[in-house]
Amino acid sequence: MRKSAFYALIDRGTVAGMIRQNPTPCYLYFLKIVEKRFADLKACLPPGFKIHYALKANPNVQLIRTMKALGAGADAASMGEIKSALACGISSASIEFSGPGKTEQEILFAVNQGLGSINAESLVELRKIAVLCKAVARKARVGIRINTGHAVKAGLSMGGETQFGIHERDVREALDYIQQHDCLSFTGIHVHAGSQLLDAEAILANVAHILELALRIDGWGVLAVNKSNFGGGWGVNYFQNQQPLDMARLQSGLQQIFSDGRYHRLLQHADVILEPGRFLAAECGLYAVRVLYAKQGLEKNFIITDGGMHQNYLLAGGMGQVIRRNFEIDSIGSDEGASGSAKKYDIAGCLCTSQDLLALDYAGDREIREGDYILFFNSGAYGLTASPIHFLSHPPPQEIIVGAK
């Protein structure tokens with residue numbers, strides 16, 4: 001979300017007042033924006049779609065509770081995330097458990113909780129689930145996460161030659177195995193092909209491919225595909241030269257795909273699920289740091305702040321970024337009368353490593369001084385808990401929820 005779009009929903013003066021009244025570094029999460037993005041998503045999807053929030057994006061308890069209140073289930077990738085979802089009131093039937101490294105303890109916990117689906121990432125894992133189910137005399141609902149063998153052409157690929165999912169060529173063997181074991185109940189398929197996808201056509205092509213795959217598997221007559229989980233991966237525009245996801249094109253394209261009569265029988269009694277995380281949470285968050293001092297180098301101006309990449313690794317180019325680019329940024333004066341001539345700055349954190357640069361050549365609209373505040377937008381996903389927060393043993397930042405009822 002552009003800075004201007006954020007301030008169209010959240011008054012800048014209100015934000016400035018909150019920053020001046022709270023200790024830094026801190027994260028601020030504005031639930032009004034979460035609610036808007038959830039409403040945007042619901043309006044875009046065909047009727048009947050279930051939305052599961054991907055906790056990996058941001059497991060803050062109040063955010064999870066907000067998602068639950070809006071009607072979301074949960075996509076969990078660890079026992080800790082399952083416990084968080086349950087503690088926030090999401091029913092076990094509305095939780096799906098995915099991830100390539102599930103331990104026996106995690107699988108047993110998921111089985112005993114009766115989750116909506118444990119999505120097997122390999123034939124080895126599928127066999128392990130069956131062995132553990134027999135040991136505790138419990139039945140598990142299992143899905144097959146399918147690696148289609150094709151990498152997405154945009155965003156961060158999680159398909160192709162990766163550690164994720166059961167390859168498409170092995171799906172029939174997995175279905176036969178489930179059919180032969182009474183302790184396993186087949187839920188359907190799960191495909192998560194990529195992350196941070198901003199190309200509507202790539203998303204639509206992926207949805208169509210998954211439906212074709214489900215139709216083919218269902219047509220084998222081995223086990224009915226009662227669920228098609230399309231994963232997540234819908235992106236947000238972090239940088240100034242990025243175009244936002246074309247929601248109007250997605251809406252019309254999805255409507256066209258789901259009106260195809262070939263899928264009618266398949267979808268009539270089946271669940272269709274989307275698992276967004278970043279799309280729902282990223283734009284609600286601001287990461288705020290305070291300027292400790294500014295200094296003049298030989299060729300550059302530097303700002304040293306009380307935050308750093310240990311609290312927001314994305315800002316320093318982490319989490320798979322190939323090209324280093326600045327997030328949307330704003331500077332707030334420590335008092336209302338801040339002014340001075342604008343300069344370009346490299347914004348650094350407080351860590352003793354040259355990697356701790358949060359922005360390069362930032363050109364503000366005024367001189368930045370000691371005590372001022374720097375705000376980084378779109379920091380609501382893959383922020384605090386996706387960062388090396390224990391590096392150099394600094395205390396964690398505060399997380400402030402704005403709009404909690």
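The values are calculated or read from the model by the stated rules, or taken from the named source; none is laboratory data. These numbers were taken from a predicted model, which means no experiment stands behind them. Cβ: placed from backbone, ideal geometry, glycine included. Neighbour counts: every protein chain shown. Keep in mind that these areas ignore ligands, DNA and RNA; they rest on the heavy atoms of the full protein, side chains included. Shrake-Rupley method; radii C 1.70, N 1.55, O 1.52, S 1.80 Å.
Right, LEU41: at negative phi, open to solvent by less than 10 Å² (accessible area, probe 1.4 Å) and touching a helix residue (DSSP H, G or I) at 6+ places or on another chain (Cβ under 6 Å) or not? Even if it seems obvious, please write down each step before you answer.
Values: at negative phi: yes; open to solvent by less than 10 Å² (accessible area, probe 1.4 Å): yes; touching a helix residue (DSSP H, G or I) at 6+ places or on another chain (Cβ under 6 Å): no.
In short, no.
Within segment 188-229, the only residue that satisfies the criterion of being part of a helix (DSSP H, G or I) and of a type in the set (S, T, N, Q) is ASN206. Here the helices (runs of 4 or more DSSP H) wholly within segment 55-120 that include at least 2 residues being touching a Pro at 6+ places or on another chain (Cβ under 9 Å) are 79-87. For segment 121-131, which residues satisfy the criterion of being part of a helix (DSSP H, G or I) and either in contact with a Cys (Cβ under 9 Å, 6 or more places away or on another chain) or open to solvent by 10 Å² or more (accessible area, probe 1.4 Å) (or both)? Those that are part of a helix (DSSP H, G or I) and either in contact with a Cys (Cβ under 9 Å, 6 or more places away or on another chain) or open to solvent by 10 Å² or more (accessible area, probe 1.4 Å) (or both): LEU123, VAL124, GLU125, ARG127, LYS128, ILE129, ALA130, VAL131. The conditions of being surrounded by fewer than 16 Cβ atoms within 10 Å (Cβ to Cβ) and out of contact with any Asp or Glu (no Cβ under 7 Å at 6 or more places or on another chain) are not met by PRO100. Among the numbered conditions (1) open to solvent by less than 60 Å² (accessible area, probe 1.4 Å); (2) at pLDDT 95 or above; (3) more than 22 Å from ASN22 (Cα to Cα); (4) hydrophobic (A, V, I, L, M, F, W, C), the only one that PHE327 does not meet is (2). I want to confirm something. Restricting to segment 346-388 and keeping residues that are open to solvent by 60 Å² or more (accessible area, probe 1.4 Å), assigned to a loop (DSSP other than H, G, I, E, B) and in contact (Cβ under 8 Å) with a residue 40 or more places away in the chain, which single residue is nearest to ASN60 (Cα to Cα)? Top of the filtered list is GLN355.
Total residues in segment 260-287 satisfying the condition of being open to solvent by less than 50 Å² (accessible area, probe 1.4 Å), part of a helix (DSSP H, G or I) and at pLDDT below 95: the figure is 3.
Going through segment 268-299 one residue at a time, which ones are touching a residue at least 60 places away in the same chain (Cβ under 8 Å) and farther than 30 Å from ILE10 by Cα? Matches in segment 268-299: ALA270, ASP271, VAL272, ILE273.
Sort out which residues of segment 356-405 are of a type in the set (Phe, Trp, Tyr), out of contact with any His (no Cβ under 6 Å at 6 or more places or on another chain) and more than 16 Å from ALA281 (Cβ to Cβ), and write them in order of number.
Start the filter on segment 356-405 by keeping residues that are of a type in the set (Phe, Trp, Tyr), which leaves 362, 373, 376-377, 382, 391.
From what's left, out of contact with any His (no Cβ under 6 Å at 6 or more places or on another chain): 362, 373, 376-377, 382.
Matches in segment 356-405: TYR362, TYR373.
Kindly indicate whether LEU126 is in contact (Cβ under 8 Å) with a residue 40 or more places away in the chain and touching a strand residue (DSSP E or B) at 6+ places or on another chain (Cβ under 8 Å). Yes, satisfied. With respect to the conditions (1) within 26 Å of the chain's Cα centre (by Cα); (2) modelled with pLDDT of 95 or more; (3) closer than 19 Å to SER379 by Cβ; (4) not in a loop (DSSP other than H, G, I, E, B), ARG290 falls short on a single one, namely (1).
Can you tell me which residue within segment 245-259, out of those that are in a loop (DSSP other than H, G, I, E, B) and either free of Cβ contacts under 8 Å to residues at least 40 places away in the same chain or open to solvent by 70 Å² or more (accessible area, probe 1.4 Å) (or both), is farthest from ASN326 (Cα to Cα)? That would be SER259. When segment 1-47 is limited to residues that are of a type in the set (S, T, N, Q) and under 14 Å from GLU399 (Cα atoms), the one that is nearest to the chain's Cα centre (by Cα) turns out to be THR24. Flag: ILE304 matches the condition of being touching a strand residue (DSSP E or B) at 6+ places or on another chain (Cβ under 8 Å), over 29 Å from LEU197 (Cα atoms) and either modelled with pLDDT of 90 or more or open to solvent by less than 30 Å² (accessible area, probe 1.4 Å) (or both).
Does at least one position in segment 165-176 carry a residue that is open to solvent by 10 Å² or more (accessible area, probe 1.4 Å), assigned to a loop (DSSP other than H, G, I, E, B) and either under 24 Å from LYS128 (Cα atoms) or in contact with a Ser or Thr (Cβ under 9 Å, 6 or more places away or on another chain) (or both)? If you could, list the steps in order and put the result at the bottom.
In the first step, residues of segment 165-176 are kept if they are open to solvent by 10 Å² or more (accessible area, probe 1.4 Å); the result is 165, 167-170, 172-173, 176.
Next, from what is left, pick out any that are assigned to a loop (DSSP other than H, G, I, E, B): 165.
Restricting the remaining residues to those that are either under 24 Å from LYS128 (Cα atoms) or in contact with a Ser or Thr (Cβ under 9 Å, 6 or more places away or on another chain) (or both) gives 165.
So far as segment 165-176 goes, yes, one or more of its residues are open to solvent by 10 Å² or more (accessible area, probe 1.4 Å), assigned to a loop (DSSP other than H, G, I, E, B) and either under 24 Å from LYS128 (Cα atoms) or in contact with a Ser or Thr (Cβ under 9 Å, 6 or more places away or on another chain) (or both).
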